[in-house]
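Participant: Let me give you the structure first, and then I'll get to my questions.
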Amino acid sequence: MTKVKTQYNRRSFLKISAAAGGGMLIGFSWFTGCISDKNIKETIAIPNEWFEINGFIKIGDTGLVTIYSPNPEIGQNVRTSMPMIVAEELDVDWNNVMVEQAPLNNGFYNNQFAGGSQSIRRGWDALRMAGATGRRMFLEAAAKEWGVPVADLTVSQGIIKEKNGERTIGYGDIASKAIDVEIPEEVELKNIKDFKIIGHSKKNVDGLKIVTGKPQFGIDFKREGMKLAMIEHSPAFGLKIKSFNEEEIKRMPGVSDAFIIDTSINNSNDSGKNGYHQHIAIIGDSTWQLIKAKKALKANWEVVNELENSEMHRVQMEEGLSSKKIKIDRKDGNPDAAFSKAQKVIERTYSSPFLAHNTMEPMNFFANVTEGSAELIGPTQTPGGLENAVSKLLDLPVENISVNMTRIGGGFGRRLYTDFGVEAAAISKKIGAPVKLIYTREDDMTKGIYRPAYLSTYKAGLDENNRLIAFSVKGTGLPSPAIFSNRFPAGTVENYQAASIKGNTNITTGAWRAPRSHFAAAAEQAFLDEVAELAGKDPIDFRLELFEQAKNNPVGEKNDYDAQRYEGVLKLVKEKSNWGEVKPGVYRGVAAYFCHNSYVAEVVDVVLKDNQPKVKKVWCAVDCGIVINPDAAKNMIQGGVIDGIGHAMYSQLTFEKGSPVQNNFDSYQMIRHSQAPEEIEVFFVENEIDPTGLGEPGLPPAIAALANALYKATGKRYYNQPFMVSEPILG
């Protein structure tokens, strides 16, 4: 076992206990539980009394265990995997565990957000410590009860036993005594080889509720006396509301109020990256009546910024790449001299357009603002950010604001921003009543926060032995470029340069699944495939040669990746896919990428059906350290692959006069079920490295592996996303 210092003391525990109790009692009884009541009765009795052990654990007198999951659940399965970590160290039977969403408490829970594939990585130590702390408290309580040293006791699945005696006692039986034990300053963590829950697949604790349609999401939330609200944003980026037919709208059936709200927050970006904060809000009793009222709006808008279009976006980025203002982010050796003496030089430019997030659950949030407080409930990836933003908007102390998290029906980065929660709070304050704000699909697709558009040029030089002697990349984006100057192939080439330049736009942009990596990986790995072909080498062998250089004689002092782990996933996918096998009518592509602290290599098999490409199978090799819940981990990788392939093939958001041309799924194509890969096989590298993220790393290499397979199938290289559109459009 490993001894660690605990982070918790009695004061912080009491604080979280109070917050948890209030949150559960007030609004969340209908979210409670990972197993149905019927199943609970079959396995263990419902407790008559619960005992708060620490901020993560509550145990009933029958031995039923409740574990609070601290982070927002956005489909990445943390509501199952984070409690699994606590249960492992607490050493209880997983069948006796229920899961509840923890309330927001920045003073106790660390990193209480969903983003950057960081939940497990950043929560790992704290979750283990919480479970181990609880285990120690039960052991001390039993030792005191029996008058023996703690060292004379063992525990397994919540049952404490004497090593040299016959006495046993369950956690439930000693819980009333354990709560009086002082939280230990130091605890012992299990050896990894002793894990019984971690590393074994567990069903999603919300699975039954999801498939039976039980309320879990923000869109499901209801409160007696609650009003509904919809909002009309400006129809184009660059416009601002002046006036609208307010009295006419108010007289419409089912409409109780209509007005302009202002969600500007002084000296803060917390309201999200939406640049315009004046909107028309319509209040009523049903979404149908509110949608009819939105259609009846007659608004006057004034132009306050340039109305942009896609053609000007592309021209701006092309001019940026050729500008002398481009900034050199890293330079090793002398790239110019190396390119001048290279025997072969290749240069290619890659692009991708703006994309919308398109969460399946429409944007929504509940707010109940009173004179001295604000209660917020809904789907947010950043509950702390929302709390701060509403505090500033309403000029209320943070302590007077509560944020409770529902399960999130998709985010992909969109719900990192707080604009929709802030709007709900502003509306509730204006009408003096609880309200749930709901966006339509068109509201979010046409006034959202988008994935930036990118344009990058890659260049490589080979010597007479087809050895890579020079490499450069320069990139721009609206607004920021997708350049990671210290990532592969940096460190493998003696003469290397990375350069970038920012662009200007009033289109609102932000994080989108695997920010910047989704484009950087696609461009870099597709380019390396072409370089390998120019060198007359197998694309996997070519990459492995570079990793040998990075392992044995790395260039530069700062390279972000571990070449051995990178090499490991590439070798694993080579083996599992039987790379080199020739199958008639099947065309393969490969790519490998490191992002969000994890390594993923993928091989994609494509066939042509009626001259249209179809992905038959994808092999994925993943090194993410210790895998908590294998089935869920596979699902995360598979979801990333499908997402990456779908957007690379079909999706784009274009602009005319400041307004997105696409406004719903009839014009913005997401991948169809029939277009998804027929099979995705996932393999994990087994090691004892602390776990890292999985929400994003599966997506970036899928795009490049697809592009490389498409080249083999069609003889055409794909430089511009989406691949199924003949002419590139960037904005």
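The values are calculated or read from the model by the stated rules, or taken from the named source; none is laboratory data. What you see is a predicted model; the values in this text were computed from it and never measured. Note that we place each Cβ from the backbone using ideal geometry, even for glycine, and neighbour counts take in every protein chain shown. These area figures cover heavy atoms from the full protein model, side chains too; ligands, DNA and RNA do not enter into them. Shrake-Rupley method; radii C 1.70, N 1.55, O 1.52, S 1.80 Å.
Participant: Give the peptides 687-693, 653-659 in descending order of average Cβ contacts within 10 Å, highest first.
Facilitator: Top to bottom by mean Cβ count within 10 Å: 653-659, 687-693.
Participant: Per residue, how much accessible area does the chain show when a 1.4 Å probe rolls over the protein heavy atoms, in square angstrom? Could the numbers behind the result be given before it?
Facilitator: On the way: 29260 Å² over 731 residues.
On a per-residue basis, 40 Å².
Participant: While we're looking at this one, here's another question. Can you tell me the dipole magnitude for the chain around its Cα centre, using point charges on the Cβ only (Lys, Arg +1; Asp, Glu -1), in Debye to the nearest 20?
Facilitator: 980 debye
Participant: Shifting gears a bit: If R0 is 41 Å, what FRET efficiency do you get for Glu166 and Glu686 from their C-beta distance, rounded to 0.05?
Facilitator: 0.55
Participant: OK, next. Over segment 253-353, what is the mean sequence separation of C-alpha contacts under 8 Å (at least six apart), divided by residue count, expressed as relative contact order in percent?
Facilitator: 21 percent
Participant: Let me know the charge dipole size of segment 159-292 about its Cα centre in debye, to the nearest 20, where only the beta-carbon of Lys, Arg (+1) and Asp, Glu (-1) is charged.
Facilitator: It comes to approximately 640 debye.
Participant: First compute the accessible area of the chain with a 1.4 Å probe, then give the percent of it belonging to carbon and sulfur atoms.
Facilitator: Summing carbon and sulfur atoms, their accessible area is 47 percent of the total for the chain.
Participant: Moving on to the next point. Where a Cα-Cα gap under 25 Å defines reach, which lysines qualify for Lys292, not counting those fewer than 8 residues away within the same chain?
Facilitator: Here the lysines satisfying the reach criterion relative to Lys292 are Lys222, Lys227, Lys240, Lys242, Lys250, Lys429, Lys430, Lys436, Lys447.
Participant: Using per-residue counts of other Cβ atoms within 10 Å, averaged over each peptide, order 403-410, 63-70, 581-588, 315-322 from highest down. Let's see the in-between values first.
Facilitator: Numbers: 403-410: 23.1, 63-70: 25.6, 581-588: 12.2, 315-322: 16.6.
Result, highest mean Cβ count within 10 Å first: 63-70, 403-410, 315-322, 581-588.
Participant: On to the next question. Compute the Cα gyration tensor for segment 496-627, then decide on rounded, prolate or oblate, letting a ≥ b ≥ c be the square roots of its eigenvalues: rounded whenever a/c is under 1.5, prolate when a/b is larger than b/c in the other cases, and oblate in all that remain.
Facilitator: oblate
Participant: How do the peptides 596-603, 496-503 rank, highest first, by the average count of neighbouring beta carbon atoms within 10 Å per residue?
Facilitator: Highest-to-lowest ranking by the protection proxy: 596-603, 496-503.
Participant: Counting alpha carbon pairs within less than 8 Å and at least 6 residues apart, what relative contact order, in whole percent, applies to the chain?
Facilitator: 14 percent
Participant: Here's something else I'd like to know. Starting from the Cα gyration tensor of the chain, take the square roots of the eigenvalues, sort them a ≥ b ≥ c, and report rounded, prolate or oblate (rounded when a/c is under 1.5, otherwise prolate if a/b is larger than b/c, else oblate).
Facilitator: Oblate shape, in that a/c is at least 1.5 and b/c is the bigger or equal ratio.
Participant: How far apart, in nm, are the 7 Å Cα→Cβ label points at Val586 and Lys5?
Facilitator: Using points 7 Å along Cα→Cβ, the separation is 5.6 nm.
Participant: Using a simple spin-label model with points 7 Å from Cα along the Cα→Cβ vector, what separation in nm is obtained for Lys324 and Gln564?
Facilitator: 4.8 nm
Participant: Also, quick follow-up: Using only Cα atoms, locate the centre of segment 194-262 and the centre of segment 76-120, then give the distance between them in Å, rounded to an integer.
Facilitator: Going from one Cα centre to the other spans 25 Å.
Participant: Under a plain spin-label model, where a point goes 7 Å from the Cα along Cα-to-Cβ, how far apart in nm are Val345 and Lys298?
Facilitator: A separation of 6.4 nm, rounded to one decimal place.
Participant: Next up: Over segment 516-653, what is the relative contact order in whole percent, taking alpha-carbon pairs under 8 Å and six or more residues apart? Mind showing how you got there, number by number?
Facilitator: Values: 131 pairs, mean separation 23.6, N = 138.
Normalised by residue count, the contact order of segment 516-653 is 17 percent.
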